[in-house]
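Report on the following structure.
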Amino acid sequence: MMFQPASQPEIIRSNQKDQFYANFLRSSLADICQSFAGARVWARWRKELDVLGDVLYFGLTTIAGYQTLGEEYVNILQVDPTRRAVPSAKRRLALVLLYACSPYLLDRLLAYIPKLLESERARAGLSPEVRQRIAQCVPILRQAVMILQRTHIALFYLRGVFYHVAKRMTGIHYLMVRRNLSASSMRPSFHLLGWLSVTQLTVSLLYSLYKMRRGTVDAEESDTSVTEDERASEEGGIVEPRLRCALCLERRRNSTATPCGHLFCWHCITEWCSTKAECPLCREKFQLSRLIYLQNFDPR
Amino acid sequence: MHETNSFIGQFPFLVKTRRLFMIKLLSLEGAVNKQRSSINKMAATKGSSENKETGTGSRNQVVLRVSQLDSSQLDSELHQLLKSQFQRIFQFFKPGVLAYIEPELNAALRLLTWQFSINTIGATLGQRIMNLKYGSEASMTPDLGHRQRLLYACILIGAKWLQERSADLSSSTNHIEAFRKIWKALYFFEKLLSVASLVNFLVFLQDGRYQFLHERLLGIRAQFAEKQSIRQVSFEFMTRELLWHGFAEFLFFLLPFVNFRRIRNFLQQKLFRPSPSQRAETGAIVKRDRSLYKECAVCGEWPTIPRHIGCHHVFCYYCVQSNFLADPSYTCPLCSHPVDDVTNIQPITCDVG
């Protein structure tokens, strides 16, 4: 047979290349918008502009019936599920719309749900428990979308047909126009990559389930720490330099001395030293155990 | 044979829109497999009809869009390379000594590059690498005319210099009314230019002829310098990078789950197990030896905020507490006395005298 299905390296490479040029288009659109309408307008319509950039790029290539730049680079060709013909115009249109617009629309939808729940109509129609239940579902949905995408990528590494969910939904395959000699030998490494991501996904899923079970305890713990932080910032005002922690720039709490004699909050300095065990002011090196918590020191 | 022909027929849009692409495809296939001579013939007939349209044979084959884009990217990379090499000469001078003349420096470097690329061989350095060269559209000659070369230099060097210098020049001449108007007009022109170049890029995406606005203005176009050879894309680096990224991500994900302290303590217990005689010491503590007060059992230094866990040994507060938090089955590294509970970590009290 003359044409073979494209394998993972080609598809990924073409995708990278497309991403690069779509980003170029996005950034030049952003530049133009900034110079004509100002940065404020740009910040308001940033996401919409990005979608526009993608639609322009794929509209002028895929929908118009040309190869994209990435596909041209690695010599692959879109075909429909029969693998005997180029995808129809409708199919291509659906692909581009799904690819460019669906992440944006999903994002907007998920951001809109909490607002909707707060509105008058929802308050009147739904009981508080139901509304709370729905509000809890939103972050879970977000997580689910992310996990779905990662599973899809893992599946792509293993099976190697559809890199994007949009391609799977529209059933657009890739054929290699010219055989690449090096590509077929790469297959084992992609299998390895696929299994790696599969294990990672399952472990993280199990872990998050485990955390959800003990979730109530954790939530309570984090609540107390937040209120403590808030209290600290509320105290606010201008703190005398003598009483200030050089790391958080607030009133020092639980003063702790380094061996070189500098004072910090206990939390600040232990966090600092867990990445780099030296004094942030004079860079003297010491071990974490050398920190001295000054008891009965902080003025009340 | 028949099968392949019918297969190609299944790509109506290909035949219509990217006929040249098909020719290339077919000729490549022909090179791979000489038995498909009839396809070659077909390619040849199509190719010749194409040649009639454009003029001079294989030279005027439409160059792939990606090759043109790659060549321009190579150009800017080369410019950066040259510039950084040049700046390294001045690295021991006062910092910022080149900042005053940076636009002029850029212009000079561009002029040099132009002299040794466009002016002599009729191709930019990036194009040279991609086996391309500029040809003019109107005159049907394969090479650039003298005027086109000069105009190219003016646009690429002069305009870029003006763009980089305009901020300084406009601020220094801002008090003169006429100049202010000129700068305003220029600024507006620059904005328009950015729109025009975006539109140009969009058009380029479709027809693949003029990548930049100046190419369209001058009517010059990238062509193959020699007959195009088979382009091979190497995937090795990309695959290796992907694989290593995958590994790194996996490790970063996995490492926080590993309790290193616990493993270390476990190994320490197994390898340097204290002798029974030492362990026998763990009884009721009546009085510690003086030397024990001076040394933390974990870090071996003078104990900071000294604590004990029920055996003879003395610890820094941090050393014992952090170990116990990470590993609830923590035992004294010297005598294997277990901590068991947080409340067992007690401050040291001793009698004076």
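The values are calculated or read from the model by the stated rules, or taken from the named source; none is laboratory data. All values derive from a computational prediction rather than experimental measurement. All Cβ positions, even for glycine, are placed from backbone atoms using ideal geometry, and neighbour counts span all protein chains on display. Remember, those area values only see protein heavy atoms, side chains included, never the ligands or the DNA or RNA. Shrake-Rupley method; radii C 1.70, N 1.55, O 1.52, S 1.80 Å.
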Report task. Of the conditions (1) in a helix (DSSP H, G or I); (2) touching a residue at least 24 places away in the same chain (Cβ under 8 Å), A:S204 clears all except one; give me its number. Result -> (2)
Query - Selection count where residues are over 25 Å from A:K47 (Cβ atoms) and among the charged types (D, E, K, R), scope the stretch A:108-126 - result: 3
**Report entry** So B:L205, is it more than 29 Å from A:G53 (Cβ to Cβ) and in contact (Cβ under 8 Å) with a residue 60 or more places away in the chain
**Finding:** no
**Report entry** Single unsatisfied condition, A:F264 versus (1) at pLDDT below 90; (2) over 30 Å from A:Q136 (Cβ atoms)
**Finding:** (1)
Query - Condition broken by A:I140, with the remaining ones in (1) in a helix (DSSP H, G or I); (2) in contact (Cβ under 8 Å) with a residue 24 or more places away in the chain; (3) more than 30 Å from B:D70 (Cβ to Cβ) satisfied - result: (2)
Query raised in the report: Within the stretch A:1-24, which residues are open to solvent by less than 50 Å² (accessible area, probe 1.4 Å), more than 8 Å from chain B (Cβ to nearest Cβ) and over 23 Å from A:A85 (Cα atoms)?
Result: A:A22
Requested in this report: Look at the stretch B:57-81 and say how many of its residues are assigned to a helix (DSSP H, G or I), at pLDDT below 85 and either within 10 Å of another protein chain (Cβ to nearest Cβ) or open to solvent by 40 Å² or more (accessible area, probe 1.4 Å) (or both).
Outcome: 2
Requested in this report: Would you tally the residues in the stretch A:62-83 being open to solvent by 60 Å² or more (accessible area, probe 1.4 Å) and at the interface with chain B (Cβ under 8 Å from one of its Cβ atoms)?
Outcome: 0
Report task. State yes or no: is B:L162 modelled with pLDDT under 90 and open to solvent by 50 Å² or more (accessible area, probe 1.4 Å)? Result -> yes
Query raised in the report: Does A:L243 fit the bill of being open to solvent by 70 Å² or more (accessible area, probe 1.4 Å) and over 23 Å from B:C319 (Cβ atoms)?
Result: no
Requested in this report: Take the stretch B:93-115 and flag every residue that is open to solvent by less than 60 Å² (accessible area, probe 1.4 Å) and modelled with pLDDT under 85.
Outcome: B:G96, B:L98
Report task. Name the residue, out of B:L192, B:L205, that is under 30 Å from A:G70 (Cβ atoms), at pLDDT 85 or above and in a helix (DSSP H, G or I). Result -> B:L205
Query - Residue satisfying all of: in the stretch B:252-266; more than 27 Å from B:H337 (Cα to Cα) and within 12 Å of chain A (Cβ to nearest Cβ); most open to solvent (accessible area, probe 1.4 Å) among these - result: B:F252
Requested in this report: Check whether at least one residue in the stretch A:181-204 is over 27 Å from the mean Cα position of the chain (by Cα) and at pLDDT below 55, and report yes or no.
Outcome: yes
Report summary line: Across the stretch B:199-215, the tally of residues that are surrounded by fewer than 17 Cβ atoms within 10 Å (Cβ to Cβ) and at the interface with chain A (Cβ under 8 Å from one of its Cβ atoms) stands at 2
Query - Which numbered condition B:A167 fails, given (1) of a type in the set (G, A, S); (2) modelled with pLDDT under 85; (3) farther than 25 Å from A:A30 by Cβ - result: (3)
Requested in this report: Go through (1) surrounded by fewer than 21 Cβ atoms within 10 Å (Cβ to Cβ); (2) more than 12 Å from chain B (Cβ to nearest Cβ) and name the single condition A:L95 misses.
Outcome: (1)
Report task. Answer yes or no as to whether A:V86 is at the interface with chain B (Cβ under 7 Å from one of its Cβ atoms), touching a Ser or Thr at 6+ places or on another chain (Cβ under 8 Å), aliphatic (A, V, I, L, M) and under 24 Å from A:Q8 (Cα atoms). Result -> no
Requested in this report: Mind counting the residues in the stretch B:217-251 that are open to solvent by less than 50 Å² (accessible area, probe 1.4 Å), within 25 Å of B:Q127 (Cβ to Cβ) and of a type in the set (V, I, T)?
Outcome: 2
Query - Hits in the stretch A:144-163 - residues which are at pLDDT below 90 and not in a helix (DSSP H, G or I) - result: A:G160, A:V161
Report summary line: Here the residues within the stretch A:1-50 that are among the polar types (S, T, N, Q) and in a helix (DSSP H, G or I) are A:Q8, A:S14, A:N15, A:Q16, A:Q19, A:N23, A:S27, A:S28, A:Q34, A:S35
Query raised in the report: So which pairs qualify, if the first residue must be in the stretch A:243-271 and part of a helix (DSSP H, G or I), the second must be open to solvent by less than 30 Å² (accessible area, probe 1.4 Å), the Cβ gap must be under 6 Å, and the two must be at least 6 apart or on different chains?
Result: A:L243/A:R252; A:W266/A:T256; A:C268/A:C245; A:I269/A:T256
Query raised in the report: Taking B:E241 and the conditions (1) farther than 30 Å from B:A159 by Cα; (2) within 8 Å of another protein chain (Cβ to nearest Cβ), which numbered condition does it fall short on, given that it satisfies the others?
Result: (2)
Report task. Find the residue count for the stretch A:27-53, including only residues that are within 11 Å of chain B (Cβ to nearest Cβ), open to solvent by 30 Å² or more (accessible area, probe 1.4 Å) and not small (G, A, S). Result -> 3
